[in-house]
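Peer 1: I am attaching a structure below and will ask some questions about it afterwards.
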Number of protein chains: 2
Amino acid sequence: MIDLAILGLLTEQDLHGYELKKRLGELLSGRASISFGSLYPALARLEAQGHVKAVDQPTAAPITPMTGSLAGELSAFKARVRESSIVKVGGRGKKVYGITDAGRGRLVELMTDPDLSDDRAFTLRVAFARHLDSNPRLELFERRRTELLGRRDALSRRTADRRHDRYLGALQERDADHLANDLAWLDRLIDLERTPSMQSTEEHS
Amino acid sequence: MIDLAILGLLTEQDLHGYELKKRLGELLSGRASISFGSLYPALARLEAQGHVKAVDQPTAAPITPMTGSLAGELSAFKARVRESSIVKVGGRGKKVYGITDAGRGRLVELMTDPDLSDDRAFTLRVAFARHLDSNPRLELFERRRTELLGRRDALSRRTADRRHDRYLGALQERDADHLANDLAWLDRLIDLERTPSMQSTEEHS
DNA sequence: TGTTCGCTACATCGATTCGATACATCGCAA
DNA sequence: TTGCGATGTATCGAATCGATGTAGCGAACA
């Protein structure tokens, strides 16, 4: 779900397409990046639906606009733009997108979608979990836990009838390890969520 | 790469579309199944390329073909077909596919493809690893190991500059665990491959 | 000075894949 | 016999990918 990725990122900061792609690549640790061939159509779709809209200035630090149009003034303006925000965002390129109220609503929908079978989508939801209230967040984790338990059962049931070769067996072993790993990890997250210590989740620094 | 999945499965037994989908679902433990919308076009493509071809009988047990065309004869034929092999394969449905020599060549190409970045494709290659010679198989594992080491480095480098929130951090932790897990698993596989004990990999059965 | 290179940025192309759906046939049970 | 669920092939539109094409810009270098 590319919409989830886009809306989640735009919740934190207005961005243009290229930056979106880069951020997402970092967020998901290299793998599971998105391609331009899906990004730009998705942005157009979201804009048509009113979930995002093009803005002319990055929100981070409003830049004093150009007054004249002389060459010297121009380059000074560019320099101001370039250094205005922590990372360069919408330097010269066009089309900086921001999220709308409708988009924020849509994001909540996507975050609380009952389908937990898509691993990539779940990863994205965790990445944006701070935008979720404590309650649905906890529910997200617990429903994911149920999903993983189901997979583990299915896997162990499949392991029963084995006339596999060595490599099939190794794959199942790897799956089981991953599953156990993820479950332990989820349990840790759930515990952290339940203990009311440190409610300040270093809110949007 | 759906071609890899199809050719790999057909190497072991002639199958029709529906069976292919089921087998693949089992093979990959539920997740990562393929859809009909990609399966049938892929089969048509592979047939056009000469990598698979439609066969009229499942290989398992050749069935005496129909001689007449009377209704009684027909149902008897169907019954014979249905009970001819261990699992029902091509029961009444048409289009049982088998792999060709060209297809086998293509499979080797896909199995030894240098791109190890696609996790799904790598999993499939391991699942069909028994069809590979010992040498390219070992190489497959070792190149995958290099790939994973690269990811781990990238990840730890990214962990350095952290102003993440709690959930981002948790995701990175999970990735690191998975990576360590996979590397240990791969090392075990490589060790097994290197020790010349038990060269009989319970060949095709 | 200008020229070349690489990065940023937007955009589109064809091919692949997905998810849904349609439409038959079969086996089985109410 | 009727109706339902599993089997089976097939196609549709939408989503996505990977490749490629464009430009502008800054830095390096002759």
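Peer 1: Quick one: divide the alpha-carbon radius of gyration of the stretch B:133-194 by 2.2 N^0.38 Å and tell me what you get.
Peer 2: In units of the globular-protein estimate, the stretch B:133-194 measures up at 1.38.
Peer 1: Okay, next question. Starting from a label point 7 Å past Cα on the Cβ side, list the distances from residue A:95 to the same position in the other copies, nm, shortest first.
Peer 2: Taking the point 7 Å beyond Cα along Cα→Cβ, the inter-copy spacings are 3.9 nm.
Peer 1: Another question, then. Contour minus end-to-end for residue B:142 and residue B:18, with contour as 0.36 nm per residue of separation and end-to-end as the Cα-Cα distance?
Peer 2: 41.2 nm
Peer 1: Moving on. At a Förster radius of 25 Å, what calculated FRET efficiency corresponds to the Cβ-Cβ distance of residue A:177 and residue B:166, to the nearest 0.05?
Peer 2: 0.50
Peer 1: With a 1.4 Å probe and all protein chains kept in place, how much accessible area does residue B:195 have, in Å² rounded to the nearest 10?
Peer 2: Estimated to the nearest 10 Å², residue B:195 gives 70 Å².
Peer 1: Quick one: if the Förster radius is 22 Å, what FRET efficiency do residue B:94 and residue B:47 give, using the C-beta to C-beta distance and rounding to 0.05?
Peer 2: It comes out at approximately 0.95.
Peer 1: Taking amide H positions as placed 1.01 Å from N in the peptide plane, with prolines and chain starts having none, which residues 5 or more places from residue A:16, or on another chain, fall under 5 Å of its amide H?
Peer 2: When sequence neighbours closer than 5 places are left aside, the close amide H contacts are A:90, A:97.
Peer 1: Taking each label point as 7 Å beyond Cα in the direction of the beta carbon, state the distances from residue A:194 to the same residue in the other copies, shortest first, in nm.
Peer 2: In nanometres, ordered from closest: 4.4.
Peer 1: Now a separate question. Just to verify a number: what accessible area does residue B:109 come out at with the full protein assembly present, 1.4 Å probe, Å² rounded to tens?
Peer 2: Here the residue's solvent-accessible area equals roughly 110 Å².
Peer 1: If the label point is 7 Å along Cα→Cβ of residue B:119, which residues in the stretch A:24-45 have backbone nitrogen under 14 Å from it?
Peer 2: A:28-33
Peer 1: While we're here: What's the total accessible area buried between chains A and B, using a 1.4 Å probe, rounded to the nearest 100 Å²?
Peer 2: The contact between B and A buries close to 3700 Å².
Peer 1: By a straight-distance test (C-alpha under 16 Å), which aspartates and glutamates pair with residue B:21 as possible cross-link partners, with residues fewer than eight away in the same chain excluded?
Peer 2: The qualifying aspartates and glutamates are B:3, B:12.
Peer 1: Would you mind giving the mean number of other chain beta-carbons within 10 Å of the Cβ of each residue in B:147-154, as a whole number?
Peer 2: For this peptide, the per-residue mean of nearby foreign Cβ atoms is 1.
The values are calculated or read from the model by the stated rules, or taken from the named source; none is laboratory data. Note that this is a predicted model, so its numbers are computed, not measured. Virtual Cβ from ideal backbone geometry, glycine too; neighbours counted across all protein chains shown. Accessible surface areas use protein heavy atoms only, side chains included; no ligands, DNA or RNA. Shrake-Rupley method; radii C 1.70, N 1.55, O 1.52, S 1.80 Å.
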